[in-house]
Structures are given as C-alpha cells and as structure tokens.
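J.: Sharing a structure below in structure tokens format, with a few things to ask.
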Amino acid sequence: MRINPVNTAYTTYQPSYTPAKTAGSGGQFDTVSLSAQGRRLQQESAAGGKTGVAGLIDSFMGGAGRDGMISLDEMEAFFQENAAETDALLKEMLQSLGISENTDITLEKDREGRIRVSSGLSEARNEQLEQALNGNKEFYQAFSAASATKGVIRAAEKHVLFAEAYQNDPEAAVQKYWSSMMESGDYILRFSNGSSDFEFKSLTAD
C-alpha cells in the first residue's frame with residue numbers, strides 16, 4: 001500500500017490492491033510505504049525546512065515514516081497518543097466552560113473542516129463549545145490526527161484481509177471485501193460518561 005502523507009494521511013486513504021509486505025514471527029503486520037512525492041518532501045524536510053508541507057513529513061505520525069515504511073503498530077501507537085491527548089484536552093475544555101463530563105457529546109468535522117458539536121446542551125452552549133474547540137490549536141490537531149489515523153488503520157486492516165483472500169481466490173475476495181473497502185466515511189468522537197471513543201460514521205450513499 002502507498003500513502004501520500006501530504007494529500008492522504010490527514011484526509012482519506014486510497015489503498016492499492018496488491019498484496020502488502022508482511023513480516024514478523026507469530027503473526028503478520030502490514031506496512032504502508034510513502035509515495036515518491038512524500039519521499040521527496042521528506043528529503044526537503046531533512047535538508048532544513050521544518051515548516052509548511054515539508055515539515056509535515058518530519059512530524060508525520062510522530063516520525064514513524066522516516067524510514068519510508070509505517071507499520072500498523074506504529075499507526076496504532078500514533079492514534080492512541082492523539083486519542084489520549086484529545087480526551088484530556090476535551091475534559092479540560094469542558095471543565096473551563098462549566099460543562100459536566102456526564103454530558104453526551106459528539107464531535108465531527110463538516111465539509112469545511114470545522115469541528116461541529118452535537119449534544120443535549122442548548123444550541124448556545126453547543127456553539128460556545130464549538131468555538132472553544134476550533135480555537136484550540138492543540139485540540140484541533142490532536143482530534144484531526146486521531147480521526148484521520150484511525151481511518152488509515154481501518155483501511156489498512158481491510159487491505160490485509162483482502163490481499164490474503166485475493167491470493168487464494170481473487171473473485172471471491174472481490175465479492176467479499178470490495179464494497180466494504182470502497183465505503184466512505186469519517187471517524188467521529190463520542191464522549192459519554194467521562195470517556196471518549198472514536199466511531200466510524202459511514203458517508204457512503206445507500
């Protein structure tokens with residue numbers, strides 16, 4: 001599989017349907033390789049620039065892609081790190097606004113990339129929380145990274161299953177996995193009873 005870390009990692013993931021490299025003992029893990037464009041930008045970043053597009057490569061998934069390959073374990077670790085930061089920052093924000101952690105809250109991004117809030121709170125309180133979350137750079141980055149990375153992990157895991165099945169029976173593999181691999185969606189955050197959970201929300205038309 002190939003990832004363009006600039007155009008893909010923080011938006012959507014598009015797998016290439018060829019068997020992925022696997023390695024390890026007592027099990028297998030899938031890896032993702034950076035695209036040629038990603039490698040070029042990575043080299044630019046290493047040469048000096050740490051800002052803008054080139055800087056993204058240096059910090060991509062906590063530097064996991066510096067060797068040109070990213071394992072599922074590295075992606076999961078990056079997700080967990082940002083999910084924990086998202087949870088902690090959200091709780092801080094709720095406390096500062098006087099909102100109970102027992103409030104059920106859903107966070108997701110709209111088409112413009114703005115975080116939207118749904119909850120049992122009043123419309124005015126929802127808007128207040130939205131403004132606070134969108135204005136907090138640390139929260140916005142952590143939430144965006146966790147949501148996008150979870151989507152990449154989901155796609156990679158589906159690719160592993162498809163690649164293994166394809167080697168045995170290509171036609172059956174396509175029939176079994178194609179529709180789910182083509183499913184479009186985003187990971188949204190559900191906050192309930194003081195804890196956060198990222199949940200897949202399908203955007204594919206029925």
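J.: Name every residue in the range 154-189 that is within 17 Å of residue 80 (Cβ to Cβ) and either at pLDDT 90 or above or of a type in the set (Lys, Arg) (or both), in order of residue number. Even if it seems obvious, please write down each step before you answer.
T.: Residues of the range 154-189 within 17 Å of residue 80 (Cβ to Cβ): 154, 156-157, 187, 189.
Correct list: 154, 187, 189.
J.: Do we find that residue 96 is more than 18 Å from the chain's Cα centre (by Cα) and under 17 Å from residue 190 (Cβ atoms) in this structure? Steps first, please.
T.: On the way: more than 18 Å from the chain's Cα centre (by Cα): yes; under 17 Å from residue 190 (Cβ atoms): no.
Against the criterion (more than 18 Å from the chain's Cα centre (by Cα) and under 17 Å from residue 190 (Cβ atoms)), residue 96 does not qualify.
J.: Would you check if there is a residue in the range 171-190 being within 19 Å of residue 201 (Cβ to Cβ), basic (Lys, Arg) and buried (at least 17 other Cβ atoms within 10 Å of the Cβ)?
T.: Initial filter on the range 171-190 (within 19 Å of residue 201 (Cβ to Cβ)): 179-190.
Okay, now just the ones that are also basic (Lys, Arg), so 190.
Adding the requirement that they be buried (at least 17 other Cβ atoms within 10 Å of the Cβ) leaves none.
Among the residues of the range 171-190, not one is within 19 Å of residue 201 (Cβ to Cβ), basic (Lys, Arg) and buried (at least 17 other Cβ atoms within 10 Å of the Cβ), which makes the answer no.
J.: Among residues belonging to the range 110-128 that are more than 21 Å from residue 185 (Cα to Cα) and hydrophobic (A, V, I, L, M, F, W, C), point out the one that is surrounded by the most Cβ atoms within 10 Å (Cβ to Cβ).
T.: Among residues in the range 110-128 that are more than 21 Å from residue 185 (Cα to Cα) and hydrophobic (A, V, I, L, M, F, W, C), the one surrounded by the most Cβ atoms within 10 Å (Cβ to Cβ) is 121.
J.: Restricting to the range 68-90, and then to whatever is closer than 19 Å to residue 155 by Cα and free of Cβ contacts under 8 Å to residues at least 24 places away in the same chain, can you tell me which residue is surrounded by the fewest Cβ atoms within 10 Å (Cβ to Cβ)?
T.: 80
J.: If you scan the range 95-119, which residues turn out to be free of Cβ contacts under 8 Å to residues at least 24 places away in the same chain, touching a strand residue (DSSP E or B) at 6+ places or on another chain (Cβ under 8 Å) and not acidic (Asp, Glu)?
T.: Once the filter is applied, which keeps residues that are free of Cβ contacts under 8 Å to residues at least 24 places away in the same chain, touching a strand residue (DSSP E or B) at 6+ places or on another chain (Cβ under 8 Å) and not acidic (Asp, Glu), the range 95-119 yields 116, 117, 118, 119.
J.: Next question, about the same structure. What are the residue pairs meeting all of these: first residue in the range 129-152, first residue surrounded by fewer than 21 Cβ atoms within 10 Å (Cβ to Cβ), second residue part of a helix (DSSP H, G or I) and among the basic types (Lys, Arg), Cβ atoms under 7 Å, and 6 or more apart or on different chains?
T.: As it stands, the answer is none, since no pair meets every condition given.
J.: Among the residues of the range 92-109, count how many are in a loop (DSSP other than H, G, I, E, B) and surrounded by 12 or more Cβ atoms within 10 Å (Cβ to Cβ). Can you show your working first?
T.: Pass one, the range 92-109, residues in a loop (DSSP other than H, G, I, E, B): 98-104.
Keeping just the survivors that are surrounded by 12 or more Cβ atoms within 10 Å (Cβ to Cβ) gives 99, 101, 103-104.
Residues meeting the conditions: 4.
J.: A follow-up question, please. Taking residue 166 as meeting all but one of (1) assigned to a helix (DSSP H, G or I); (2) within 21 Å of the chain's Cα centre (by Cα); (3) hydroxyl-bearing (Ser, Thr, Tyr); (4) surrounded by 14 or more Cβ atoms within 10 Å (Cβ to Cβ), write down the number of the exception.
T.: (2)
J.: Restricting to the range 174-194, name every residue that is outside any helix (DSSP H, G or I) and of a type outside the set (Gly, Ala, Ser). Talk me through it step by step, then tell me what you get.
T.: At the first step, the residues of the range 174-194 found to be outside any helix (DSSP H, G or I) are 182-194.
Residues satisfying the conditions are 182, 183, 186, 187, 188, 189, 190, 191, 193.
The values are calculated or read from the model by the stated rules, or taken from the named source; none is laboratory data. Since the model is a prediction, treat every value here as computed from it, not as a measurement. Every residue, glycine as well, gets a Cβ built from its backbone with ideal geometry; the counts of neighbours run over all protein chains shown.
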